[in-house]
1. Glu131 versus Leu266, label points 7 Å from Cα toward the beta carbon: distance in nm?
2. In the chain, if the dipole is taken from +1 on Lys/Arg beta carbons and -1 on Asp/Glu beta carbons about the Cα centre, which of Phe270, Val155, Phe82 is farthest to the positive end?
3. With a probe of 1.4 Å, find how much accessible area the range 42-111 has per residue, and write the answer as a whole number in Å².
4. Give, in nm to one decimal, the length gained when the segment between Arg38 and Glu213 is fully stretched (0.36 nm per residue of separation minus the Cα-Cα distance).
5. Helix 148-158 sits at what angle to the longest principal axis of the chain, using alpha carbons and giving 0 to 90 degrees rounded to 10?
6. Calculate the spin-label point distance for Arg67 paired with Ser241, positioning each point 7 Å from the Cα along the beta-carbon direction, and give it in nanometres.
7. Using only DSSP helix segments of four residues or longer, with each worth -39500 (n - 2.57), what per-residue ellipticity at 222 nm results for the chain after dividing by its residue count and rounding to 500?
8. Relative to the first principal axis of the alpha-carbon coordinates of the chain, what is the inclination of helix 99-111, with its axis defined by its Cα atoms, in degrees from 0 to 90 and to the nearest 10?
Amino acid sequence: MIWFRKGRNDPIENLKASVREYWNAEPCGTRDVAAPERRAYFDRIERERYEMQPYIHPFARFAERARGVRMLEVGVGAGTDFINWVRNGAKACGVDLSDQSLQLTRERVLSEGLHADLHVADAEQLPFQDESFDLVYSFGVLHHSPDTPRAINEVHRVLKPGGRALIMVYHPYGWVGLLLWLFHGVAKLRPWRSPRWAMFHHLESPGTKAYTEREVRKLFARYSDVTVERRLSTGDLLLMSPSGKYSKGVAGVIWKLYPRWFVRLLGERFGTDVLIEARK
């Protein structure tokens, strides 16, 4: 279900504009990373991303899958995963709704003497012909698109027969959803608000959606050999620096005292990140 804010004449386009504005202001993975020297800046972004999300490498398998493969990344962010595809020999193309993200990624690629095609594009209307890519990768992006099913069908369209999709979306019933529901629902005397509602309105850019494993399999019904796994995310463990609204008061105390050991003890089955691998 999608909740649109009142007072918008064109909710889809206005939501996309809000998503673009959010990620232009803070490209994914760049919070609290200063940039006095550009290569050190990019190195720190990369180090922190893979320290906090160590499951990305075994999921993507850059070195194993990239060589000579024509691939597309939908939503490049600050370019950390994208540069790994390029370094390992992929014929890589990247798209993003955010101009700032593309600028960072382009600078990053050029700083290593590499080349890749990067374009502003909407995940729901990819500017490529049918069956153009051997692999499409999109990590934590498609759930921000207003019409996520359409975006997933676009990935299917641009994949060659037998091509592979590697996608991450959020699960509504992980620790992130629970924490947001407690903070924005229960604590504000609105316990009937669901984790999905809390994530939609208060997680990252406006309109963030989440999907159960059953819903994921329905979204990927046109694909074959679909595997679905859950992982504890950076948000589940509160490993990232808090944004302004969570850095003070009760939220700030919770952030400092949060029982990460207990969250890890209960395991990946309560993770928010849903890793999907599927073939066309």
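1. Label-label distance for Glu131 and Leu266, simple model: 4.7 nm.
2. Phe270
3. Ligands and nucleic acids excluded, the figure is 38 Å² per residue.
4. Working: separation 175, 0.36 × 175 = 63.00 nm, distance 3.95 nm.
Gain on stretching Arg38 to Glu213: 59.1 nm.
5. Once rounded, one gets 10 degrees.
6. My value for the distance between the label points is 3.9 nm.
7. Per the formula, -11500 deg cm²/dmol.
8. Helix 99-111 sits roughly 50 degrees off the main axis of the chain.
The values are calculated or read from the model by the stated rules, or taken from the named source; none is laboratory data. All values reported here derive from a predicted model rather than from experimental measurement. Heads up, the Cβs are rebuilt from the backbone with ideal geometry, glycines too, and the neighbour counts pull from every protein chain shown. Ligands, DNA and RNA are stripped out before the accessible areas are found, and what is left, the full protein with its side chains, is counted by its heavy atoms. Shrake-Rupley method; radii C 1.70, N 1.55, O 1.52, S 1.80 Å.
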